[in-house]
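This report concerns only the one structure given below.
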Amino acid sequence: MPEQDPEPDHEAVARKILLDQLTGQARSRHELAARLARRNVPDDVAEPLLDRFTEVGLIDDEAFARSWVDSRRRTRGLARPALAQELRRKGIDNETMQTVLDEVDPGDEEESARLLVRKKLRSLRNVDETVAARRLTGMLARKGYSAGIVYTVVRQELGASEWQSDS
């Protein structure tokens, strides 16, 4: 009598899951471990496989964190505190996170805040200066900028904009 379908080879399944996940974009080890757990891959299969992928360089949390920080700064204008929160959610350890975030130049962060404010100012031409200031400070605060940068940049950009004289 023919045998029933054999037990699936968990390692082969896990390897395919990992390779599929890493094909489109880099991912953190934490994200990959969570994906394997959701797919019911036993820990005794997942851990050695994750270790092996890390050993050969397919999983690199530091490179992932650098790429993530660069992307989120460029596309969303996030400051270090917001980036740290996102990296924590991605399962990046504190030491790696600190190493990567220390590479962010505070001058670049202030310039990013200025660019965000200038862009947003275009849509605030028809509102009162107080309302504009409140909206701009709220936007920057949500993106993780410190109060010092927020107030300095908003005050300077509102004072320098042609928008102010139109009111």
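Here are some notes:
- For Ile149, the conditions (1) under 14 Å from the mean Cα position of the chain (by Cα); (2) among the β-branched types (Val, Ile, Thr); (3) farther than 30 Å from Glu11 by Cβ all hold with the exception of (1).
- Here Leu83 passes the criteria (1) assigned to a helix (DSSP H, G or I); (2) more than 26 Å from Ser146 (Cβ to Cβ) except the one numbered (2).
- Within segment 105-151, the only residue that satisfies the criterion of being closer than 18 Å to Pro81 by Cα, of a type in the set (Val, Ile, Thr) and touching a residue at least 40 places away in the same chain (Cβ under 8 Å) is Ile149.
- Top-ranked residue in segment 32-44 [being of a type outside the set (Gly, Ala, Ser) and buried (at least 17 other Cβ atoms within 10 Å of the Cβ); ranked as modelled with the lowest pLDDT]: Val41
- Candidates in segment 118-156 are the residues that are over 22 Å from Arg73 (Cα atoms) and among the aliphatic types (A, V, I, L, M); of these, the one that is surrounded by the most Cβ atoms within 10 Å (Cβ to Cβ) is Ala132.
- Applying the condition of being among the hydroxyl-bearing types (Ser, Thr, Tyr) and loosely packed, with under 14 Cβ neighbours inside 10 Å to segment 63-90 and asking which residue is nearest to Ala34 (Cα to Cα) yields Ser71.
- Residue match in segment 72-81 (condition: within 30 Å of Met139 (Cβ to Cβ), modelled with pLDDT under 95 and of a type in the set (Val, Ile, Thr)): yes
The values are calculated or read from the model by the stated rules, or taken from the named source; none is laboratory data. None of these values were measured; they are calculated from a predicted model. Here Cβ is always computed from backbone atoms with ideal geometry, including for glycine, and neighbour counts include all displayed protein chains.
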